[in-house]
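The values are calculated or read from the model by the stated rules, or taken from the named source; none is laboratory data. Note that the structure is predicted; figures quoted are calculated from it, not measured. Using ideal geometry, Cβ is built from the backbone for each residue, glycine included, and neighbour counts are taken over all protein chains shown.
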């Protein structure tokens, strides 16, 4: 809850070792992401953000509203858990607002980006002519730029058979961040939570 409104869903435990904010992908809504919870340690609390305009949350989806919602939730967790590491995990389009959080004055203690992009306009150009993308695309998260000054640990997971955000985008993001740990997993874009392909931990 935030200002009396539901802004997501949570698995809360008493005295968590870590607190995680999960920023989900484009399709579906936060309540559909319960499949991701087993990827986190049972010692950690997990908060799944709902985006404006998704599920029952009012608002209009955009880069600005996603970033603002992510910042509000992240700062709320920082305030609620002042003595715990607060980390961020994200999948797919959620890697955009997650990378934005790395630019805050008190950034996440750790970032885990799953099937992410480097620059979203480059993904769009995989599907549409470049002149159309340049003319029509209003929101253009640049994760390379957003993460350039982040000093915390970064783990990146790309899916080798990803047909939505081809794995080369995850590899390009990792290549731009020498401190990042890159792992290529089997399966497609939406298979990362299956069979323990990704474990989300701090440290």
Query raised in the report: Which condition does residue 174 not pass, out of (1) under 17 Å from the mean Cα position of the chain (by Cα); (2) more than 14 Å from residue 115 (Cα to Cα); (3) in a helix (DSSP H, G or I), if it passes all the others?
Result: (2)
Report summary line: Scanning segment 152-165 residue by residue, those within 17 Å of the chain's Cα centre (by Cα) and surrounded by fewer than 20 Cβ atoms within 10 Å (Cβ to Cβ) turn out to be 152, 153, 164
**Report entry** Flag if residue 78 is at pLDDT below 95, in a helix (DSSP H, G or I) and either crowded, with 18+ Cβ neighbours inside 10 Å or out of contact with any helix residue (DSSP H, G or I) (no Cβ under 9 Å at 6 or more places or on another chain) (or both)
**Finding:** no
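Any idea which residue in segment 8-24 is nearest to residue 61 (Cα to Cα), counting only those that are touching a residue at least 12 places away in the same chain (Cβ under 8 Å) and surrounded by fewer than 21 Cβ atoms within 10 Å (Cβ to Cβ)? Steps first, answer last, please.
Within segment 8-24, the subset touching a residue at least 12 places away in the same chain (Cβ under 8 Å) is 8-13, 16-24.
Remaining after also requiring surrounded by fewer than 21 Cβ atoms within 10 Å (Cβ to Cβ): 9-13, 16-17.
On the way: 9: 19, 10: 22, 11: 25, 12: 27, 13: 31, 16: 31, 17: 32 Å.
Per the criteria, the residue is 9.
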Requested in this report: Report those helices (runs of 4 or more DSSP H) wholly inside segment 83-141 carrying at least 1 residues which are out of contact with any helix residue (DSSP H, G or I) (no Cβ under 6 Å at 6 or more places or on another chain), closer than 21 Å to residue 167 by Cβ and touching a residue at least 12 places away in the same chain (Cβ under 8 Å).
Outcome: 95-101, 120-124
